[in-house]
Structure formats: C-alpha cells, structure tokens
1. Give the separation of the Cα centroids, the stretch 292-369 to the stretch 83-110, in Å.
2. Please find the FRET efficiency linking Ser326 to Glu246, where r is the Cβ-Cβ separation and R0 is fixed at 30 Å, and quote it to the nearest 0.05.
3. Could you state the number of Å between the C-alpha centres of the stretch 51-79 and the stretch 185-258?
4. First select every other residue whose beta carbon is under 13 angstrom from the beta carbon of Thr314; then total the charges, Lys and Arg +1, Asp and Glu -1.
5. For the stretch 186-338, how big is the tail of P(r) above 24 Å, as a whole percent of Cα pairs?
6. Over the chain, with a single point scatterer placed on each C-alpha, what log10 of the ratio I(q)/I(0) does the Debye formula yield at q = 0.06, 0.10 1/Å?
7. Ranked highest first by the average count of other Cβ atoms within 10 Å around their residues, in what order do 72-79, 278-285, 5-12 fall?
8. Please compute the length gained on full extension between Gln186 and Ile347, using 0.36 nm multiplied by the number of residues separating them and subtracting their Cα-Cα distance.
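FYI, it's all coordinate maths here, none of it is from the lab. Quick caveat: nothing in here was measured; it's all calculated off a predicted structure. Cβ coordinates were reconstructed from backbone atoms using ideal geometry, including for glycine residues, and neighbour counts include every protein chain displayed.
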Amino acid sequence: MKIINIVGARPNFMKMAPIIDAMNQHPEQIEHLLVHTGQHYDEKMSKAFFNDLGMPKPDIDLEVGSGSHAEQTAKIMVLFEKICLREKPDLVIVVGDVNSTMACTITAKKLGIKVAHVEAGLRSRDMEMPEEINRLCTDVLCDYLFITDHFADENLRAEGVAAEKIIFVGNVMIDTLLKHKAMATQLNLLSKLGLRKKGYATLTMHRPSNVDDKETLEEILGALKTISKDLPIIFPIHPRTRKMIEQFGLSHYLNMDTVVSGIWITEPMGYLDFLHLNMNAKLVLTDSGGLQEETTVLGVPCITMRHNTERPITCEVGTNVIVGNSGQKIIAAAQAALSGNGIERRIPDKWDGHSAIRIVDWLIKHESK
C-alpha cells in the first residue's frame with residue numbers, strides 16, 4: 001500500500017510524526033512519502049518542529065509560501081496534482097484543518113484516490129473561521145474519518161456520514177506529547193529565562209478575530225497586563241501578532257527587554273521548549289486549538305480567548321474554559337484559576353499515546369493489498 005502523508009502548517013507536524021513512526025514499523029505493508037506543502041515555511045515556525053520531533057525531512061516540499069486563502073489553496077492543488085499523477089498513491093492522509101488539508105483532499109478525490117482525515121469531525125459552528133470551512137469540505141469528501149472523541153462522532157453522524165467511515169482512534173497530538181514529555185522535563189529553559197515552576201503564565205494569540213481589530217486587541221492586551229501584575233506572562237509571539245501590535249501602536253503593553261515581569265515576549269519556540277514551558281506554567285491563555293487539548297492532558301488551567309471551540313471535550317472533562325475576547329471575562333477566568341477554583345479534569349478516552357498505532361493497524365487490516 002502506497003501512502004502520501006500531508007503536512008502544511010505547524011500543528012500538522014505534531015499530528016503526523018507518530019503516524020509516520022507507526023508506519024515505519026510495517027515496511028512490508030506500507031510504502032509512504034511525506035509531502036510538505038510549505039504553507040508555513042518560516043525557519044522558527046516549521047523546521048524546528050521537524051528537528052524536535054525527529055521526523056525525516058519531507059520527501060517533497062511544494063514550497064507554496066504565503067498568499068490569500070484562494071492563492072494558497074490553488075497553488076497547493078496545482079502542485080499536488082502533479083505529485084499524485086507521478087506517484088500514484090493508494091491513499092492520501094491529511095491531518096487537521098488548514099488549507100493544505102482541504103486542497104490535497106479535493107485534488108486526490110478528483111483523481112479517484114482515497115483520502116483519510118485524521119482529527120475529523122471537529123466543529124466550531126463558526127463559518128467566519130477558515131478552518132471550519134476546511135473541516136466541512138474535507139470531511140464530506142473523505143473515505144475514512146479518524147476521530148478523537150464522541151463529539152466528533154455525533155457531528156459526523158448528524159451530517160449524514162455513514163457509520164462505517166467513522167473510526168474512533170483517539171488523539172494523535174497526545175501521542176506526540178506523551179512521547180516527548182520526559183525529554184521536555186529534562187530541559188533547563190526555566191532557569192535560562194529566570195522563571196520558577198508554576199510562577200508564570202504562557203500566552204499564544206494569533207487569530208484574526210483577536211489581533212486584526214485595534215480595539216479588540218487593545219482590550220485583550222489590557223486584560224493581560226492586569227493579570228500580569230499577579231503572574232508574569234511569557235508570550236512566544238507569532239509574527240502576525242507582532243506585526244499587528246506594532247501597526248496599531250500597542251507595543252507599550254509588552255516588555256521588550258529580558259526582565260520577567262508584565263507581558264514578556266520571546267521569539268517563537270520549538271516544540272520541546274514550548275511543551276516544557278506549558279507543562280510548568282500556572283496558567284495558559286490561548287486562542288489556538290491544540291493547546292486546549294495539551295493542557296487538558298497536562299492538567300494546566302487553560303483560558304481560551306475565543307467565542308467557541310471545535311474541541312468541547314476539553315471543556316467537558318478537561319481544564320479548558322471559553323471566555324471570548326472580553327477583557328473582563330479574561331480577567332475573571334484568570335482570577336478563578338489562580339485562586340484554585342478550577343474544574344477537576346479527566347483524560348478523554350483513548351488519549352493514551354497509542355492513537356497512531358490504531359490508525360495504521362486499521363489501515364493495514366482494511367486497505368492492504
């Protein structure tokens with residue numbers, strides 16, 4: 001069985017790494033290629049992840065770079081079609097919900113190639129999120145839908161997906177976290193930064209709904225500044241967010257030096273450094289998706305600065321709370337977490353480090369020729 005695995009953006013790397021590891025245990029049954037679309041191509045934001053996760057270099061790099069959603073999607077489709085025609089895979093595996101996920105799915109299906117979606121069935125119900133459009137388009141086309149939890153199963157069934165297409169395997173992102181947790185524990189990043197365990201919060205923020213409007217961004221930064229009076233906030237800043245903060249003249253909310261107080265920005269971090277930072281934090285503030293899952297497993301309170309989540313399981317059993325981008329609500333949630341009024345977490349079913357093995361075993365059983 002010949003498989004093409006697709007990665008395009010940073011979170012894809014963490015999801016694909018354990019799948020490739022599992023495939024490598026079956027060289028007689030599976031021949032696989034790793035295609036990197038180049039959707040995220042910054043050295044600090046992408047290549048560090050290949051190094052940290054021990055992944056092989058991509059067999060093929062499409063190097064599509066940046067552009068509008070339409071430009072990026074079109075470039076990927078044109079280039080990936082050539083790869084499919086040349087390599088003639090039996091199956092394409094896509095992960096997550098980025099433009100590469102949708103573009104490669106459409107391309108493969110139009111060529112009559114089967115597609116499997118890892119992390120299928122997630123829904124935010126927010127059509128202003130490009131990722132939601134990508135999820136919907138991808139799932140309706142895919143032959144196999146590997147899901148993380150019961151919410152995803154319910155979503156897909158409600159959309160009319162046949163039960164035999166839905167396979168509950170757990171969360172491959174957690175495979176990567178559990179594999180690398182011990183390694184991350186050995187790092188001495190905290191001492192390098194002058195931090196103490198549970199003596200700081202970490203922050204990620206990059207979504208357009210939070211950073212593209214000056215009034216919204218300033219309200220969030222003001223709330224974070226208030227929180228940082230009690231707990232320093234470490235902010236590995238996304239290039240997009242840095243650009244908007246500077247463009248709106250809001251840099252005075254951030255500490256630009258190396259004194260750990262207030263909101264202290266750093267450059268984007270590699271996977272292991274960032275895992276080390278989060279597992280030792282008192283609190284995590286984010287607008288991303290994956291961190292909601294990771295903090296649930298790590299047992300760290302997570303405040304999600306969004307109005308919705310495609311990962312409600314993290315609120316049902318984990319440490320995650322959804323607060324939107326209201327400064328008042330962000331402050332209230334942080335105060336509740338810091339006072340110890342958090343919810344008691346449970347680890348979701350099958351978030352046990354073996355999800356990728358389940359995926360590969362299922363594919364060998366059902367697809368091997």
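1. Rounded to whole Å, the Cα centres lie 28 Å apart.
2. About 0.80, to the nearest 0.05.
3. Taking the Cα centre of each part, the stretch 185-258 and the stretch 51-79 sit 28 Å apart.
4. Once all neighbours under 13 Å are counted, the net charge is -1.
5. On the way: 2934 of 11628 pairs.
The share of Cα pairs beyond 24 Å in the stretch 186-338 comes to 25 percent.
6. -0.22, -0.61
7. For the peptides 72-79, 278-285, 5-12, the packing ranking is 5-12, 278-285, 72-79.
8. Details: separation 161, 0.36 × 161 = 57.96 nm, distance 2.38 nm.
In short, 55.6 nm is gained.
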